[in-house]
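The values are calculated or read from the model by the stated rules, or taken from the named source; none is laboratory data. Being a predicted model, the structure only gives us computed values, none of them experimental. Heads up, the Cβs are rebuilt from the backbone with ideal geometry, glycines too, and the neighbour counts pull from every protein chain shown. All accessible areas refer to the heavy atoms of the entire protein, side chains included, with ligands and DNA or RNA removed. Shrake-Rupley method; radii C 1.70, N 1.55, O 1.52, S 1.80 Å.
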Amino acid sequence: MNIAPSIRPFGKHGILISFPPEISQEVHREVLAWRDAVLHSFSEKIVDVVPAYHSLAVFVNDHVSVETFIGLLKDFSVSETESAITNYCITIPVCYDETFGLDLKELSEAKKMTMEQIIQKHTAPTYQVYFLGFLPGFPYLGGLDPQLFHPRKPTARSQIDQGAVAIGGGQTGIYPMACPGGWNILGKTPLVMFDPKKAVPSLVTPGDYIKFRSISLKEFETIAAKVANRSYNIEKEVYRD
């Protein structure tokens, strides 16, 4: 696609690289291509890069001039650099039992589908991780079946469990920690999505893919026990288009 982005200052030490304002795999591939290329070529100048749906924020070291760095980026071609970042498809087990699926029945009634049909439609796609936000490690996923689009709840819950799998509007995601929230809860994963003690805290990164797998309540408890004693092997494979 090779879209020419706009590049401008973003705060004192930041640069915002913006692409056409749409949520699409084509635009997001450009975002990730720039992320990989900038990290590869300017790692000594960079503190962090933060991809979103159609933009990339780049934060530079204190000694780096934002204006000079913008000049470098405007003359930069991502085709000059091969990506050194590997993206994965991670299988996330989810228990859709009503014990955890607090809004599954309500969604079933609203969509005039059985709960089994809701679960089937939710587990069918392979979802792309567009970006992490709202909470550390919260993945915003693209690829939700339009038949499952559903507005956020008018009043947010004061507490949602860690691992809750939910739908908000046209998106689905996973709460990495307990917190208030207004998305519609379909189930829960026993996996830990964010662990600050790990070198790489988040289980998934932008550009990865997620596949949900429906599990029983008994299997949830078994996996949760294995996760607790660090004996569960996460299903993870290199993703190729």
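Modelled spin-label separation between Lys218 and Gln117, with each label point placed 7 Å from Cα along the Cα-to-Cβ direction: 2.9 nm. Backbone amide hydrogens, once placed in the peptide plane, bring Ser202 within less than 5 Å of Asp195, excluding anything fewer than 5 places away on its chain.
Among beta bridges from DSSP that stay inside the chain, the antiparallel ones total about 85%.
Whole-Hz Karplus values for the range 93-104 come out as x, 9, 8, 9, 4, 4, 4, 10, x, 4, 10, 5 Hz, taken residue by residue from phi with 6.51 cos²θ - 1.76 cosθ + 1.60 and θ = phi - 60°; glycine and proline positions read x.
Solvent exposure of the range 124-214 amounts to 38 Å² per residue of accessible area, where only protein heavy atoms count and the probe is 1.4 Å. In this view, the solvent-accessible surface of Asp208, computed with a 1.4 Å probe and all protein chains in place, comes to about 10 Å². Per-atom-type breakdown for the range 90-145 gives carbon and sulfur 52% of the accessible area (1.4 Å probe, protein chains only).
Let a ≥ b ≥ c be the square roots of the eigenvalues of the Cα gyration tensor of the range 107-155; is it rounded (a/c under 1.5), or, if not, prolate (a/b larger than b/c) or oblate? Taking the square roots of the gyration eigenvalues as a ≥ b ≥ c, the range 107-155 is oblate.
Applying a DSSP loop filter and a limit of 14 other Cβ atoms within 10 Å to the trypsin sites (Lys or Arg not before Pro) in the range 21-123 leaves Lys112. Annotation for Phe134 and Thr86: the two label points, set 7 Å from Cα along the Cα-Cβ direction, are 3.0 nm apart. Ligands, DNA and RNA left out, the 1.4 Å accessible surface of the range 21-74 is 55% carbon and sulfur atoms.
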